[in-house]
Amino acid sequence: MLALICGAGALPGHVVRALDVRPLVCALDGFAPEGLAPRITFRIETLGSLIAWLKARGVTAVCLCGHIRRPDIDTAAIDAATVPLVPRLKDAMAMGDDGALRVVLALFSEAGFDILAAHEAAPDLLPPAGVPTRAAIPEGVAEAARAGDAEIARLAAADQGQACVIRDGRVIASEGPEGTDAMLAGLAAAGLRAPAFLFKAPKPGQDQRADLPVIGPGTAAALVRTGLSGAVIEAGGVMVLDRARTIADFDAAGQFLWVRERPA
């Protein structure tokens, strides 16, 4: 049996719809997934009890999906089953996103669960390489995208974001802990001109069982508000929610989407 360990957003619902058998949906308190009624809501301070609860119900695999912000740990709320995990949880909370996820994945793995990635449960989340939009790649974008590779590598070294905005071959904004939408909102009033574009890719060496970057139907609208002409995402490394609708939205806005192979 599979359990989804969920955060907020549309991704958990997409994974559930792709599965033949409905999984147990477990949501982190304060981060309910869109359109799903969790079987159980848990807190970081009760992670040990969640693990025991899953085992008692015959769960053998877990899939971590959805967006969360790292919560503070309330020591007064830690239950007895979670006490042995506290040192590692505190270490995780002090790390960057990828480091924290590696610790949480390790805790589930050590408890005997297999880890299923969201794109393994729902393979249609990863589009093939190419340009699925009517709009072609604008002149200069292919060369400018190399700046995105360098910026994602820089962000990875600091265990930070997975996206940036590029104009005239230069990175003009980078994703922080608040996420891509916040980065774009910060640029929206600047009146950017084409061919500024969004670049999104996983961190080099990232554990791809959790936290792969995502775009979806709201992305085209966000790019319009920001004045961007399109997006470049990494093939095999960025998930696309509701692909047909997302591409239709890009087409309606006259924007390009390039699913780009990472250079060797």
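Anything in region 11-35 that is within 21 Å of Val214 (Cα to Cα) and buried (at least 19 other Cβ atoms within 10 Å of the Cβ)? List them, or say none. Even if it seems obvious, please write down each step before you answer.
The initial filter retains those residues of region 11-35 that are within 21 Å of Val214 (Cα to Cα), namely 11-19, 25-28, 30-35.
Hits for region 11-35 are Leu11, Pro12, Gly13, His14, Val15, Val16, Val25, Cys26, Ala27, Leu28, Ala32, Pro33.
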Candidates Val21, Val25 - the one that is of a type in the set (Val, Ile, Thr) and farther than 22 Å from Ala100 by Cα: Val21
Hits in region 217-257 (condition: charged (D, E, K, R) and at negative phi): Arg225, Glu234, Arg243, Arg245, Asp249, Asp251
Number of the exception - Thr133 against (1) exposed (fewer than 15 other Cβ atoms within 10 Å of the Cβ); (2) assigned to a loop (DSSP other than H, G, I, E, B); (3) among the β-branched types (Val, Ile, Thr): (1)
Pair list, Cβ under 6 Å, 6 or more apart: region 1-27 residue on the phi > 0 side of the Ramachandran plot, other residue modelled with pLDDT under 95 and assigned to a strand (DSSP E or B): Gly9/His67
Count of residues meeting criterion [closer than 15 Å to Ala10 by Cβ, in contact with a Leu (Cβ under 6 Å, 6 or more places away or on another chain) and in a strand (DSSP E or B)] in region 215-247: 1
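The values are calculated or read from the model by the stated rules, or taken from the named source; none is laboratory data. Values in this document were obtained by computation on a predicted structure and should not be read as measured data. So basically every Cβ, Gly included, is an ideal-geometry build from the backbone, and we count neighbours across all protein chains shown.
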